[in-house]
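Take a look at the structure below.
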Amino acid sequence: MAFVKKTWKDRLVEFPGRRLLRKISGSDTETVVDIYRNEGDISEEGDAFSSANMNDLEQRIFDEFSEINSNISGIRTYVGEDGKIHFVDAGGADTALNFSTAPKIINLGTGASFNVSSYNGYQKFTNSNFFIIPESIGNFSIADTQMGGGSANTTSITLPISKSYNAQNGVLTCSARLNLSFHVRYSNGSSGSFSKNASVTCRAYLVS
């Protein structure tokens, strides 16, 4: 049973919001009245915000989810030798979906240059077909003379990564470098700043 969509309608009247007040009793301090709609001509009754309408909506949603859960409860999946994902229902029927056209993520390894001309369609690749992940950071040191016997606080750390793909020869080049800036408070009370950088080894991936 498919979910039945309901088209909800607004109430359309000549004088929206107009009400008639009919006095029942009153005194100097209070008045008791009945309130009636006085909206003039009604062109569309509309759908009331009522428990009946809301409970009907709840029931229809519940029925649909119950049917879906019943239909999928007996389904199992497996990847066949044909490279397709198979869905087998409780009755034994086997349906195969071909995912051979889905994007593939290929690990190109680590380095600064990668030749992907052996992959089909490399002439149509762009920078967007590759993503680069920093993997390891080279050594760097801070000499005590730079510290001046004082202390240093890191003021900024940046890790710029660049990549460039040449579609003519299928070569991707990339680079990354860790940059650190320090503020130094020397033991004699003076201060200064210096920076250090280190090479970063990156791993490249191709999405084709």
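The values are calculated or read from the model by the stated rules, or taken from the named source; none is laboratory data. Predicted model, so just to flag it, every value in this text is computed and none were measured. Positions of Cβ are backbone-derived with ideal geometry, glycine not excepted, and every protein chain shown enters the neighbour counts. Ligands, DNA and RNA are excluded from the accessible area calculation, which covers all protein heavy atoms including side chains. Shrake-Rupley method; radii C 1.70, N 1.55, O 1.52, S 1.80 Å.
Here are a few things to note about the model shown:
- Identity of the residue in region 142-190, at pLDDT below 85, open to solvent by 80 Å² or more (accessible area, probe 1.4 Å) and assigned to a loop (DSSP other than H, G, I, E, B), that ends up nearest to A112 (Cα to Cα): S187
- Screening A90 against (1) open to solvent by 70 Å² or more (accessible area, probe 1.4 Å); (2) modelled with pLDDT of 80 or more; (3) farther than 28 Å from N197 by Cβ; (4) outside any helix (DSSP H, G or I) leaves a single unmet condition, (2).
- The set of residues from region 163-179 being under 15 Å from A204 (Cα atoms) and touching a helix residue (DSSP H, G or I) at 6+ places or on another chain (Cβ under 9 Å) comprises K163, S164, Y165, G170, L172.
- Considering residues of region 120-139 that are assigned to a loop (DSSP other than H, G, I, E, B) and modelled with pLDDT under 85 only, the residue surrounded by the fewest Cβ atoms within 10 Å (Cβ to Cβ): N139
- Residue pairs whose Cβ atoms lie under 9 Å apart, separated by 6 or more positions or on different chains, with the first residue in region 51-70 and free of Cβ contacts under 8 Å to residues at least 60 places away in the same chain and the second not acidic (D, E), are N53/K6; N53/W8; D56/K6; L57/K6; R60/F3; R60/V4; R60/K6; I61/F3.
- Region 193-207, residues that are out of contact with any Asp or Glu (no Cβ under 8 Å at 6 or more places or on another chain) and either open to solvent by 60 Å² or more (accessible area, probe 1.4 Å) or of a type in the set (D, E, K, R) (or both): S193, S195, K196, N197, S199
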